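Okay, so here's the structure we're looking at.
Just so it is clear, none of the values below were taken in a lab; they were calculated from the coordinates. None of these values were measured; they are calculated from a predicted model. A quick note on method: Cβ atoms are made from the backbone with ideal geometry, for glycine too, and the neighbour counts reach across all protein chains shown.
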Amino acid sequence: MHLPIPFRYFYTELLKMRWSMIGFIILLGVAISLWIGFGIPVKVNQGVNEWLAFFGFTVHKYTMFFYPLIIGIFAAWVCRYEHIGNGWKQIFCLPISPSHVYFAKLGTVALLTLMTQFGLLSGFLFIGWLSGLQDAVPWFTLFSKVVYGWFASLPLMTLMLGCSLLWKNFATPFTLNFIFTVPSTAIFSGSKMGFWYPWSQPFLVMMPKHEWAIEGTQMDLFIGVGGMFCLFVGATYLFFTKRDW
Amino acid sequence: MSEPIIQTHQLTKQYGKRYSVKDLDLRVAKGDVYGFLGPNGAGKTTTIKMLLGLVQPTQGYVQIFGQDIQENRKQILRHVGALVESPTYYGHLSGYENLKLITQVLGLPKREIEEVLYIVGLSNDAGRLVRGYSLGMKQRLGIAAALLGNPKLLILDEPTNGLDPAGIREIRELIKRLAEEQGMTILISSHLLSEIEQTVTTVGIIFRGQLIFQKSLQALKQRAKGRLELEVSRPEEAKVHLQSFGWNPDLHGDRICFEVMSRKNVAQLIKTLVQGQFSVYGMNSIQPSLENIFIQLTERESC
């Protein structure tokens with residue numbers, strides 16, 4: 001109860017959520033990804049771990065399309081209640097600063113996204129077990145891919161959150177997201193530029209070794225993700241703290 | 001003079017070339033119920049937003065409790081309850097949950113929620129979703145939210161906006177009670193003087209971004225004079241006739257107007273008219289109305 005105000009405010013963000021809707025979105029995104037991943041008849045090459053192969057099929061569509069989309073929805077969602085009827089001004093009548101609000105919103109998006117990632121992992125393990133995949137489960141690889149994938153989506157979260165804060169319209173960030181997903185598949189995933197492109201970053205991290213995904217060192221990724229994250233946080237922060245309500 | 005709770009210095013907000021608020025020196029003393037009046041678009045809400053630090057002034061500064069709002073915003077806002085413009089709420093949550101969000105941030109005990117709900121008379125509807133509330137209930141919920149944390153200063157922007165007469169009276173009584181029982185300093189804005197006339201002790205009138213009046217309610221009332229209106233036949237001639245008997249009438253349309261006078265004088269006046277062969281069709285005694293001064297003040301400014 002007597003946590004500092006920023007943490008208490010963060011908790012109210014969670015109270016505001018409609019968890020049934022969030023749960024539905026996560027389930028739907030995960031279900032579709034798994035359905036595509038396991039539904040297409042493929043032959044797994046000899047010597048390749050079946051779990052990893054199917055993880056690749058699943059994650060390919062998931063990171064390309066659903067994952068950015070879900071992040072966009074979450075980002076728009078956490079701003080939606082304030083945009084309806086300008087709840088912002090009521091928030092800022094409380095003794096909290098814009099930076100508290102910003103980071104609470106970002107924290108919420110990050111938390112929801114992490115839940116989605118683990119939703120995918122559990123779903124994948126369950127379906128994999130149901131369809132009787134052979135080979136040992138590469139626990140560590142799967143787990144670290146999910147966590148790194150989450151980390152690599154931080155720039156996209158900050159970018160989408162910035163757009164959602166800027167535009168009241170629910171559809172605008174959504175459309176943007178859709179538009180920028182396309183070059184992700186076409187151009188950036190196959191070149192080093194992908195490490196700097198927020199829509200490609202989760203894809204590059206989560207995909208197992210693959211001909212469509214360029215390989216890079218952890219350093220490439222870290223710099224790309226970290227750089228873009230700082231850029232988007234900084235830009236949004238400046239705009240968000242300076243404006244009138 | 002007691003210490004000022006709110007004090008602004010040459011407060012100015014400029015949007016482009018237009019001044020929304022210009023050189024405003026607002027002063028609200030401790031224990032005041034300050035009526036902040038002005039027509040729509042005069043700059044009331046902009047001023048209130050600057051008081052709360054929601055909008056940065058172009059020039060000038062705001063002091064609340066003697067501290068600068070830009071510098072000590074968080075400390076000040078702990079002791080300020082505010083309702084700005086239309087109330088904001090989360091429609092998918094109940095009234096109780098809406099208030100819980102605020103107590104959560106402020107670190108207040110849950111019983112405060114019950115208390116403020118009781119004060120605004122929403123105890124029975126606390127469990128319902130706010131989406132289903134009437135406008136008046138939403139407004140009262142907004143006031144309840146502002147009351148959380150037992151603020152020393154309450155700022156209510158148009159709290160009676162959009163309410164029916166019964167709702168307006170309820171809010172008025174609530175504000176009176178808060179000022180009397182809890183000794184809160186209250187700033188309340190409105191575009192209708194009649195709505196807050198019975199509640200306030202001090203009046204500030206803003207027109208086109210400038211404060212054109214800021215004194216006690218009594219001072220404002222002294223400016224208001226009643227008058228006597230007579231409806232007579234041939235008003236032009238009647239005026240001349242009366243003037244020849246030493247009266248000093250004013251002609252407003254086809255009515256002859258006088259300042260308030262004694263009963264004896266009224267009788268004498270009518271006698272004079274009747275003796276002059278004028279028919280008196282009707283007589284009206286117009287009570288001093290603040291609405292009138294308000295209009296006078298604002299009209300003078302616009303000329």
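Spin-label model, B:His252 to B:Arg131: label points 7 Å out along the Cα-to-beta-carbon direction sit 5.1 nm apart. Here the alpha carbons of the protein assembly as shown define both size measures, Rg and Dmax, at 33.0, 124 Å.
Annotation note: GluC sites (Glu not before Pro) in the range B:56-148 located in DSSP loop regions with a Cβ neighbour count of at most 15 within 10 Å are B:Glu71.
Ranking of A:Trp88, A:Trp245 by neighbouring Cβ atoms within 10 Å, starting from the fewest: A:Trp245, A:Trp88. Of the residues B:Met137, B:Met50, the one with the fewest other Cβ atoms within 10 Å heads the list, and the complete ranking is B:Met137, B:Met50. Can you compute 3J(HN,Hα) from phi for each residue in the range B:145-152, using the Karplus curve 6.51 cos²θ - 1.76 cosθ + 1.60 with θ = phi - 60°, rounded to whole Hz and x for Gly and Pro? So the Karplus estimates, Gly and Pro as x, are 4, 5, 7, 4, x, 6, x, 7 Hz.
Under a Gaussian network description of chain B, with springs only between Cα atoms under 10 Å, the residue in B:Leu251, B:Leu220, B:Leu211 that fluctuates furthest is B:Leu251.
Peptide A:88-101 shows a mean partner chain C-beta count of 6 within 10 Å per residue C-beta.
The long axis of helix B:95-106 is offset from the longest Cα principal axis of chain B by roughly 70 degrees.
Pairs with C-alpha atoms separated by more than 18 Å, drawn from the list B:Lys44/B:Lys221; B:Lys152/B:Lys176; A:Lys16/A:Lys105; B:Lys30/B:Lys152; A:Lys61/A:Lys168, are B:Lys44/B:Lys221; A:Lys61/A:Lys168. Name the helices (complete DSSP H segments) of chain A with a Cα length along the long axis of 27 Å or more and a Kyte-Doolittle mean of at least 0.0, or state none. Span-like helices here: A:19-39, A:98-130, A:218-242. Within the protein assembly as shown, antiparallel bridges make up roughly 65 percent of the DSSP beta bridges whose residues both belong there. Distance between the modelled labels on B:Met283 and B:Val266, one decimal in nanometres: 0.6 nm (7 Å Cα→Cβ projection).
Between A:Ile84 and A:Leu3, the FRET efficiency from the beta-carbon distance, with R0 = 25 Å, is close to 0.35. In whole angstrom, note down how far apart the Cα centers of the range A:44-117 and the range B:34-108 are. The two parts, judged by their Cα centres, are 31 Å apart. Secondary structure note: in the range B:4-222, about 55% of the DSSP beta bridges are antiparallel.
Classify the range B:119-168 as rounded, prolate or oblate, taking a ≥ b ≥ c as the square roots of the eigenvalues of its Cα gyration tensor: rounded when a/c is under 1.5, otherwise prolate if a/b is larger than b/c and oblate if not. In terms of gyration-tensor shape, oblate. The angle between the Cα long axis of helix B:263-275 and the longest principal axis of the Cα atoms of chain B comes to about 40 degrees, rounded to the nearest 10.
Please build a GNM for chain B, connecting alpha carbons under 10 Å apart, and tell me which residue among B:Val232, B:Val200, B:Val55 fluctuates the most. The residue with the greatest mean-square fluctuation here is B:Val232. Sorting A:Phe151, A:Phe118, A:Phe195 from the fewest to the most surrounding beta carbons within 10 angstrom yields A:Phe118, A:Phe151, A:Phe195. Averaged over the residues of A:7-16, the number of partner chain Cβ atoms lying within 10 Å of the residue Cβ comes to 3. Converting phi to 3J(HN,Hα) with the Karplus coefficients 6.51, -1.76 and 1.60 and the offset θ = phi - 60°, the range B:73-79 yields 3, 5, 5, 5, 5, 4, 10 Hz in sequence order, with x at every glycine or proline.
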